[in-house]
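These notes concern the structure reproduced below.
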Amino acid sequence: MKRFKLAYLLIALTTAFGPVAARAQGTNASIPTSAAVPAAPAAPAAKADPDLAQRVADLEAYISNGARGSDAADAKVGSKIDGTAGPGHNAWMMTSAALVLFMTLPGLALFYGGLVRRKNVLSVLAQCLGISGLVTILWWAFGYSFVFANESSPYWGNFTKYAFLHGVTSSPNGDYAYWVSQNVYSMYQLMFAIITPGLIIGAIAERMKFIAVLLFVAAWMVIVYFPLAHMVWGIDGMMNGVWNPKATIRAIDFAGGTVVHMSSGWSALVLCLILGPRSGFGKESMPPHSMVLCMVGTGMLWVGWYGFNAGSAVAADGVAANAFMTTTLAAAVASFVWALAEWVVRGKPSVLGFCSGAVAGLVVITPACGFVDATGSIVIGIIAGVVPFLACSYLKPFFKYDDALDTFGVHAIGGTLGALLTGILATTASGNANLTGDAAKANGLAKLVTDGGLWVEQLKAMGLTIALAVIGTIAIALVVKAVVGLRPTPEVEREGLDISEHGEEGYHHA
Amino acid sequence: MKKIEAIIKPFKLEEVKDALQDVGIQGMTVSEVKGFGRQKGHTEIYRGSEYTVDFLPKIKLEIVVDAGKVAEAVSAIINAAKTGKIGDGKIFVSNVDEAIRIRTEERGPGAL
């Protein structure tokens, strides 16, 4: 019966997307090619050959991550390197994409896997792997287009423009980067789309059916993640203060405080409340089965996070360099402060404390890393070591919700904190020219950064993010619950999800 | 023949083994076990969650000796394993009906 349901699901998926494919190609052919697609065959023909000075200027633009002479919509002159990615920037972005995937596989998988009981370790790994494949298919089919295609609405991208990654080639998409291949950019962003629902697993670990996890994640990506990512990072997104001159909420989020951590963290809380606590929660011991795996995973998360944060500059430039530094400082300080807080309050600094602090520091610096300086990142590190520590240690026991691995305590609290602190600590001293660039001048962000008041815009973005995550999650969870049910039977939960859901065991006695 | 089972603190294993070898004990069987006596367990805290761990790791050492060697072996174990603190463990002595060396099929004390 279960197998039949799965097969039906696959057939439904393929038949549903089949016609879209045809439509996608049809519409793409009929839309006039925009200047934002440098490889467009029609555009270069009308342009004059560049002179030597222009050609040198184009090379300088590569060094400084600026636009080629031919990149402007009304450019009269062509470029010898039209549609060519810059090798240095491209190399860094391919490295960064791999680093961000490394955060999920196996970083997050081990970080979470070590924290569950041994009978459920494989279920966490399977969920991370399953999400990676599922989200990749969604991203290829329409996800990338739905987030990053321009000429769309302030709320979501164009469903069909880049559907099936049609037209996404090694040529850069000037909307997002002049020197990074669009196929690299789309894969880089895919890794963010993979880890975000992966974070939710932490709250619902050890007690959700695998099929329910997959269905929930598929719907959640479409309803919550894709629109939110477009609003914050899409070139015409309504909350993209740095790039959209017409942004209605002039917020900034460098690497995903709202898009990744707040959305997953708040959704995780809602889902774990709807799901209910693990059977035996509060009565039985549920200690981590391997703090060693957890620490190994933490180290991988930290290393991978350089791709996440410094890579979000979408260039190997000075902004990336600054983000690299601020990320390091915040993570190290928060790790130290969290363990220190435990030492003071409970008498012992724990490995889980160091690990939790490092992740919390990375979460909180995420939206800020490209907009703050060294001092700002140290402030963020200290606060990130204290506030999520208090949330995990006192808020959770007080309200007695079973956020199994503290997705809410670390990612929602941390992401929310980070979004707000970004509004207070963002400074032109970070060297990020986008804060006072043309778009920021047009929508008023530049004035908010220099004169203060950015935090109010950040509050608006935070409110919208929480609303979308909470309402979306309630709706999706209730539908999935009605269709396939969320929880395994008590016997299955008792036995562990590894054997009953995946037919395997993580460890065998010799 | 007597079987001596000793539950000891894990870090004392090497000293106990050496002491038993010094009094001429030829072989022994060791297992990692968990349990509690008067020492009780301890508390572990993982972020907001506090767990009481009742069972502490211990080593169980089993040897079978000729009845005449029991007193010597027991005092060797006591001398080596004692710290004077709670949780040092216990020793149980019981009768053994038969012992067989599989390779040669020798029986009785000669098989030990």
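Of everything listed in (1) more than 19 Å from A:Ala461 (Cα to Cα); (2) of a type in the set (D, E, K, R); (3) surrounded by fewer than 22 Cβ atoms within 10 Å (Cβ to Cβ), the single unmet condition for A:Lys246 is (1).
For the stretch B:57-69, a residue qualifies if it is among the hydrophobic types (A, V, I, L, M, F, W, C) and either without any contact (Cβ under 8 Å) to a residue 60 or more places away in the chain or within 24 Å of B:Gly87 (Cβ to Cβ) (or both), and the qualifying residues are B:Ile59, B:Leu61, B:Ile63.
Scan the stretch A:81-99 and give yes if some residue there is over 24 Å from A:Arg68 (Cβ atoms), in a helix (DSSP H, G or I) and at pLDDT 95 or above, otherwise no. Yes - at least one qualifying residue is present in the stretch A:81-99. In this structure, is A:Val479 more than 14 Å from chain B (Cβ to nearest Cβ) and surrounded by fewer than 24 Cβ atoms within 10 Å (Cβ to Cβ)? Taking the combined requirement at face value, the residue satisfies it. Within the stretch A:419-447, residues that are without any contact (Cβ under 8 Å) to a residue 12 or more places away in the chain have Cβ atoms under 7 Å from residues that are in a helix (DSSP H, G or I) in these pairs: A:Ala446/A:Leu435; A:Ala446/A:Thr436; A:Ala446/A:Ala440, counting only partners at least 6 apart in sequence or on another chain.
In the set (1) crowded, with 24+ Cβ neighbours inside 10 Å; (2) in a helix (DSSP H, G or I), the condition left unmet by A:Ile252 is number (2). Meeting the requirement of 1 or more residues that are among the small types (Gly, Ala, Ser) and within 14 Å of chain A (Cβ to nearest Cβ), the strands (runs of 3 or more DSSP E) wholly within the stretch B:1-93 are B:29-35, B:49-53. When the stretch A:198-216 is filtered for residues that are within 15 Å of the chain's Cα centre (by Cα) and under 10 Å from A:Ala268 (Cβ atoms), the ones remaining, listed by number, are A:Leu199, A:Ile200, A:Ile201. Against the list (1) under 30 Å from B:Ile45 (Cα atoms); (2) out of contact with any strand residue (DSSP E or B) (no Cβ under 9 Å at 6 or more places or on another chain), the condition A:Pro288 fails is (2).
Per the listing B:Phe55, B:Phe92, the residue uniquely of a type in the set (Phe, Trp, Tyr) and either in contact with a helix residue (DSSP H, G or I) (Cβ under 6 Å, 6 or more places away or on another chain) or at pLDDT 95 or above (or both) is B:Phe92. Residue under question is A:Thr298, and the condition is that it be within 14 Å of chain B (Cβ to nearest Cβ) and in a helix (DSSP H, G or I); does it hold? Here the answer is yes, as A:Thr298 does meet what is asked. Where helices (runs of 4 or more DSSP H) sit wholly within the stretch A:104-149, those with at least 1 residues that are out of contact with any Leu (no Cβ under 8 Å at 6 or more places or on another chain) and surrounded by fewer than 24 Cβ atoms within 10 Å (Cβ to Cβ) occupy A:121-138. Inspection of the stretch A:340-360 identifies at least one residue that is of a type outside the set (Lys, Arg), surrounded by fewer than 24 Cβ atoms within 10 Å (Cβ to Cβ), more than 14 Å from every other protein chain (Cβ to nearest Cβ) and touching a residue at least 12 places away in the same chain (Cβ under 8 Å). Figure legend. Inter-residue proximity from the stretch B:82-104: first residues without any contact (Cβ under 8 Å) to a residue 24 or more places away in the chain, second residues not β-branched (Val, Ile, Thr), beta-carbon distance below 6 Å, spacing 6+ or different chains. Indicated pairs: B:Lys82/B:Asp88; B:Ile100/B:Arg107; B:Ile100/B:Ala111; B:Arg101/B:Ala111. Anything in the stretch B:19-39 that is among the charged types (D, E, K, R) and surrounded by 10 or more Cβ atoms within 10 Å (Cβ to Cβ)? List them, or say none. Within the stretch B:19-39, B:Asp22, B:Glu32, B:Lys34 qualify. Of everything in the stretch A:387-419 that's aliphatic (A, V, I, L, M) and within 14 Å of chain B (Cβ to nearest Cβ), which residue is surrounded by the fewest Cβ atoms within 10 Å (Cβ to Cβ)? Checked the stretch A:387-419; the qualifying residue surrounded by the fewest Cβ atoms within 10 Å (Cβ to Cβ) is A:Leu390.
The values are calculated or read from the model by the stated rules, or taken from the named source; none is laboratory data. Computed from a predicted structure; not experimentally measured. FYI the Cβ positions are ideal-geometry reconstructions off the backbone, even for glycines, and counts take in every protein chain you see.
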